[in-house]
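Notes follow once the structure below has been shown.
The values are calculated or read from the model by the stated rules, or taken from the named source; none is laboratory data. Nothing here was measured: the structure is a model prediction, and the numbers come from that model. A quick note on method: Cβ atoms are made from the backbone with ideal geometry, for glycine too, and the neighbour counts reach across all protein chains shown.
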Amino acid sequence: MCLIDISEPLRAGVAGWPGDTPFSFTLNWTKEETGSVNVGKVIFSTHTGTHIDAPFHFDNEGQKVHELDLSLYVGPCRVIHLFDLPSIGAHDLAKYNLAGVERLIIRTDSWKDRSVFPTSFTYIRPDLGSYLQKQGIRLLGLDVPSVDLPDSKELLGHHSLHQHGVHILEGTVLYQVEEGDYELIALPLPIEGADGSLVRAVLRKI
């Protein structure tokens with residue numbers, strides 16, 4: 001089985017949202033101290049690296065991570081390339097036949113330096129939510145840290161997708177991924193009450 005890992009490696013200094021909890025891993029106990037095992041401690045934001053947004057992230061009445069349907073994050077998906085666009089809306093997807101596609105991942109290559117949190121990247125226009133719903137798409141994945149720009153307070157992309165039943169996967173690493181059909185596995189952690197979760201996201205060529 002050939003799996004393509006599309007997850008951001010988690011390490012000290014991984015680019016995170018400005019002001020959010022930085023990622024850290026330390027050994028709480030060492031084998032020398034315990035005589036038997038090493039035991040680590042991890043501190044991170046729920047939106048570190050490759051992650052899913054639960055609707056509760058931007059809607060107090062929205063589902064939390066432990067309430068999400070896991071089938072959203074496992075199954076056939078389509079990867080397409082949309083390069084050199086400041087934003088993506090319905091018009092940009094019109095040329096694609098998305099019949100039967102439930103999970104769509106868009107490679108934009110607009111996050112040029114993954115070691116630094118970007119000030120600008122390709123974002124989602126509000127008309128995309130309705131279009132994706134009409135196509136039957138339930139999950140949208142992107143290679144950027146958010147479907148909205150960092151300075152957005154209205155979060156029009158998030159709300160448009162949510163209102164049309166489209167869930168969100170952000171921060172995927174797609175530099176080596178070609179267009180085509182794959183199987184996606186990107187399961188969130190079962191964190192009760194959470195607004196989002198890190199995932200180990202992989203693709204398998206169909």
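Below is a table of values for the structure above.
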| read-out | value |
| --- | --- |
| In the range 150-171, the residues that are within 19 Å of His91 (Cβ to Cβ) and in a loop (DSSP other than H, G, I, E, B) | His164, Val166 |
| Number of the exception - Phe83 against (1) part of a loop (DSSP other than H, G, I, E, B); (2) among the hydrophobic types (A, V, I, L, M, F, W, C); (3) surrounded by 15 or more Cβ atoms within 10 Å (Cβ to Cβ) | (3) |
| Considering residues of the range 123-152 that are of a type in the set (Gly, Ala, Ser) and under 15 Å from the mean Cα position of the chain (by Cα) only, the residue farthest from Val14 (Cα to Cα) | Gly141 |
| Per-region count, the range 184-205, residues assigned to a loop (DSSP other than H, G, I, E, B), buried (at least 17 other Cβ atoms within 10 Å of the Cβ) and not hydrophobic (A, V, I, L, M, F, W, C) | 1 |
| Residue among Ser160, Ser197, Ser120 that is polar (S, T, N, Q), within 12 Å of the chain's Cα centre (by Cα) and at negative phi | Ser197 |
| Yes/no for Lys64 being among the basic types (Lys, Arg), modelled with pLDDT of 95 or more and closer than 22 Å to His162 by Cα | yes |
| Single condition Ser120 does not satisfy, out of (1) part of a loop (DSSP other than H, G, I, E, B); (2) surrounded by 14 or more Cβ atoms within 10 Å (Cβ to Cβ); (3) of a type outside the set (Val, Ile, Thr) | (2) |
| Asp181, sole failed condition from (1) out of contact with any Pro (no Cβ under 9 Å at 6 or more places or on another chain); (2) exposed (fewer than 15 other Cβ atoms within 10 Å of the Cβ) | (1) |
| Selection within the range 41-66 - touching a Pro at 6+ places or on another chain (Cβ under 9 Å), over 30 Å from Asn28 (Cβ atoms) and not polar (S, T, N, Q) | Glu61, Gly62 |
| Pair list, Cβ under 8 Å, 6 or more apart: the range 112-125 residue touching a residue at least 40 places away in the same chain (Cβ under 8 Å) and of a type in the set (A, V, I, L, M), other residue assigned to a loop (DSSP other than H, G, I, E, B) and crowded, with 17+ Cβ neighbours inside 10 Å | Val116/Ala15 |
| Qualifying residue in the range 30-39 (condition: in contact with a Pro (Cβ under 6 Å, 6 or more places away or on another chain) and free of Cβ contacts under 8 Å to residues at least 12 places away in the same chain) | no |
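Here is a yes/no grid of residues against (1) under 14 Å from the mean Cα position of the chain (by Cα); (2) part of a strand (DSSP E or B); (3) surrounded by 18 or more Cβ atoms within 10 Å (Cβ to Cβ); (4) among the aromatic types (Phe, Trp, Tyr):
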| position | (1), (2), (3), (4) |
| --- | --- |
| Ile4 | no, yes, no, no |
| Pro18 | no, no, no, no |
| Thr21 | no, no, no, no |
| His47 | yes, no, yes, no |
| Asn60 | no, no, no, no |
| Ser71 | no, no, no, no |
| Arg78 | no, yes, yes, no |
| Asn97 | no, no, no, no |
